[in-house]
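S.K.: Sharing a structure with you now.
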């Protein structure tokens with residue numbers, strides 16, 4: 001392997017017994033995926049099912065069983081050099097946060113695909129008792145697979161949990177190996193994007209903010225009415241303030257202020273903590289506050305108002 005060469009990483013997450021190992025086994029048994037590429041499989045979790053290399057379509061697969069102490073940039077880079085790998089498969093421990101992995105991988109390791117596996121029979125329990133861990137895995141997964149699904153489960157219950165964390169991921173429900181249903185439940189925005197003025201109700205703020213930041217070009221030039229909090233300090237120009245709300249995505253520990261740059265000729269009339277109603281036009285532009293291009297509220301009117309209900313925005 002040459003230093004700097006991009007190494008594709010296939011990342012499989014989920015709790016113990018969710019089907020990760022079985023999927024990896026089936027993947028490596030197929031000659032369409034395992035056609036001879038030098039593949040490093042990193043197992044950060046040991047369950048009842050073990051990989052069976054004798055059944056792999058190609059022998060150019062190298063398996064390493066690692067612990068949390070091995071989430072180390074140098075350790076992983078050394079393994080890549082030792083085996084002269086062309087790609088990596090990671091089976092990640094469901095009890096660990098993904099940030100620990102993302103900050104430990106070599107710079108030239110690039111996530112090509114991330115899949116979350118979940119046992120439908122236990123996922124709701126995990127989500128109730130370990131919400132941070134389940135939410136963390138759903139946030140970045142391209143595909144969420146609910147296996148061992150039965151007719152007793154309501155797909156909408158599972159759909160909603162995923163969509164709170166990630167609007168883009170595909171979802172599938174596996175009733176049996178030959179009976180897989182791909183989620184086609186629509187997720188319309190609660191407000192009318194084609195309205196002359198888009199009015200955001202208090203309870204819609206979190207969803208609006210997420211969609212705005214993920215699909216900012218869709219909002220360029222749109223007129224908006226929305227309620228939120230002011231944040232100002234002496235470093236801002238007199239015509240600037242930061243507008244937003246506290247948003248809870250997962251649990252109380254995750255509450256953060258979701259703010260947007262806001263331009264208004266009388267910005268100095270407001271102070272941090274003021275609740276205001278804003279009439280503005282959204283303009284996507286290079287903005288120093290962001291350090292990059294982003295949505296800026298060009299305000300025609302700002303007035304003080306009663307706090308939003310609820311004050312902390314949720315999905």
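The values are calculated or read from the model by the stated rules, or taken from the named source; none is laboratory data. These numbers were taken from a predicted model, which means no experiment stands behind them. Virtual Cβ from ideal backbone geometry, glycine too; neighbours counted across all protein chains shown.
S.K.: Tell me, which strands (runs of 3 or more DSSP E) lie completely within the stretch 202-292 with 2 or more residues that are within 23 Å of the chain's Cα centre (by Cα)?
M.R.: 240-248, 256-263
S.K.: Search the stretch 41-66 for residues that are closer than 17 Å to residue 87 by Cα and pair each with any residue that is at pLDDT below 95 when their beta-carbon atoms are under 7 Å apart and the residues are at least 6 apart or on different chains.
M.R.: 65/46
S.K.: Among the residues of the stretch 14-37, is there at least one that is in contact with a strand residue (DSSP E or B) (Cβ under 9 Å, 6 or more places away or on another chain), in a strand (DSSP E or B) and farther than 25 Å from residue 174 by Cβ?
M.R.: No, that holds for no residue.
S.K.: Return the only residue of 210, 168 being in the same structural domain as residue 266 (by TED's automatic domain parsing), closer than 19 Å to residue 314 by Cα and either modelled with pLDDT under 95 or touching a helix residue (DSSP H, G or I) at 6+ places or on another chain (Cβ under 6 Å) (or both).
M.R.: 210 is the lone residue from the list that is in the same structural domain as residue 266 (by TED's automatic domain parsing), closer than 19 Å to residue 314 by Cα and either modelled with pLDDT under 95 or touching a helix residue (DSSP H, G or I) at 6+ places or on another chain (Cβ under 6 Å) (or both).
S.K.: On the basis of being buried (at least 18 other Cβ atoms within 10 Å of the Cβ) and closer than 21 Å to residue 197 by Cα, does residue 241 make the cut?
M.R.: When the stated conditions are applied, residue 241 does not pass them.
S.K.: To continue, here is another question. Taking residue 183, is it modelled with pLDDT of 95 or more, within 23 Å of residue 249 (Cβ to Cβ) and exposed (fewer than 15 other Cβ atoms within 10 Å of the Cβ)?
M.R.: Answer is no for this residue.
S.K.: I need the full set of residues from the stretch 270-288 which are surrounded by fewer than 16 Cβ atoms within 10 Å (Cβ to Cβ), over 18 Å from residue 222 (Cβ atoms) and either touching a residue at least 24 places away in the same chain (Cβ under 8 Å) or in contact with a strand residue (DSSP E or B) (Cβ under 7 Å, 6 or more places away or on another chain) (or both), in order please.
M.R.: Scanning the stretch 270-288 gives 271, 272, 273, 286.
S.K.: In the stretch 153-177, which residues are assigned to a helix (DSSP H, G or I) and in contact with a strand residue (DSSP E or B) (Cβ under 8 Å, 6 or more places away or on another chain)?
M.R.: Those that are assigned to a helix (DSSP H, G or I) and in contact with a strand residue (DSSP E or B) (Cβ under 8 Å, 6 or more places away or on another chain): 155, 158, 159, 162.
A quick yes/no check of all residues on (1) crowded, with 17+ Cβ neighbours inside 10 Å; (2) over 19 Å from residue 208 (Cβ atoms); (3) assigned by TED's automatic domain parsing to the domain that holds residue 164:
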residue: 250; (1), (2), (3): yes, no, no
residue: 258; (1), (2), (3): yes, no, no
residue: 264; (1), (2), (3): yes, yes, no
residue: 295; (1), (2), (3): yes, no, no
residue: 303; (1), (2), (3): no, yes, no
residue: 307; (1), (2), (3): no, no, no
